[in-house]
Every structure is written in structure tokens, then in C-alpha cells.
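Colleague: A single structure is presented below for examination.
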Amino acid sequence: MIFQGSNGSLNGYFKKKLIVSRPLGNERTLESYKNQAQLVLIQAMRDGHHISQIKRLSIQTLKNFRYRELKTKPNIEEKDFILFTLLILIKLGVVEEDGDREGLLVCGRKKTKRAI
């Protein structure tokens, strides 16, 4: 399901499957999501985790989420966590941001017809 904000949506793909969709609006921009993901990465490194361990855990998290049967609707924290995981992999160079199988797709708000 795609969640659309006032400025569109940010969609994350992994292995040709849509795994996360977050709205874009006044406070929620691609840059703000990237900054939050970078803070998560920095905190993980401060906690003593090695980059190879972070990469491995991030890929495993996306694989598990991709194959998981959703019996309940994921909450906002889970969606943000999945998006941050994908953004961390993009930052570390594991996933291309605009790849054909994995990456991000920013969709702008659909323009409506104006009445004459």
C-alpha cells in the first residue's frame, strides 16, 4: 500500500518488491529521512558494531521483512525502521539509490484537473 503525503511519497524496493512507502510532506522530506538514517548508523557504530556486521544485519532484516506474511498492519515505527535500513544500505554502497531491482522511488503528488 502506498502512503501519500502532501508532496507525494517515498517508496523503497528490495529484490523487485515494494517493501516500504512513506509520505512526503512539509516536515517529511527525503533529506530528513536520510539524516535520521545517518543518525541511526552513527549510533550503531558508537555502540561498537562493525560496518560489515551492520551490512549483514541490514540485508537480513530486509530479506525477513520481504518474505514475512503481514497478519497485522505494520505500525509507523516498523515502516520507519525498514526505510532507515534501506537508506543505511544505500549510504554504505550495498544498494544503489536508483537501481532497477533495489532502491528508492520518489513519486510526486498527482496533479488534479482544474475546473474552468
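No value in this document is a laboratory result; all are computed from the given coordinates. Not measured: the values here are computed from a predicted model. We place every Cβ from the backbone using ideal geometry, glycine too, and count neighbours over all the protein chains shown.
Colleague: Among the residues of segment 17-50, count how many are under 13 Å from L92 (Cβ atoms) and in contact with a Ser or Thr (Cβ under 6 Å, 6 or more places away or on another chain).
Modeller: Qualifying residue count for the region: 0.
Colleague: Restricting attention to segment 1-57, and to residues there that are among the basic types (K, R) and at negative phi, which single residue is surrounded by the most Cβ atoms within 10 Å (Cβ to Cβ)?
Modeller: Across segment 1-57, the extreme among qualifying residues is R22.
Colleague: Which pairs have Cβ atoms under 9 Å, sit 6 or more apart or on different chains, and link a residue in segment 34-51 that is closer than 21 Å to E78 by Cα to one that is among the hydroxyl-bearing types (S, T, Y)?
Modeller: Within 9 Å, the pairs are A37/T85; V40/T85.
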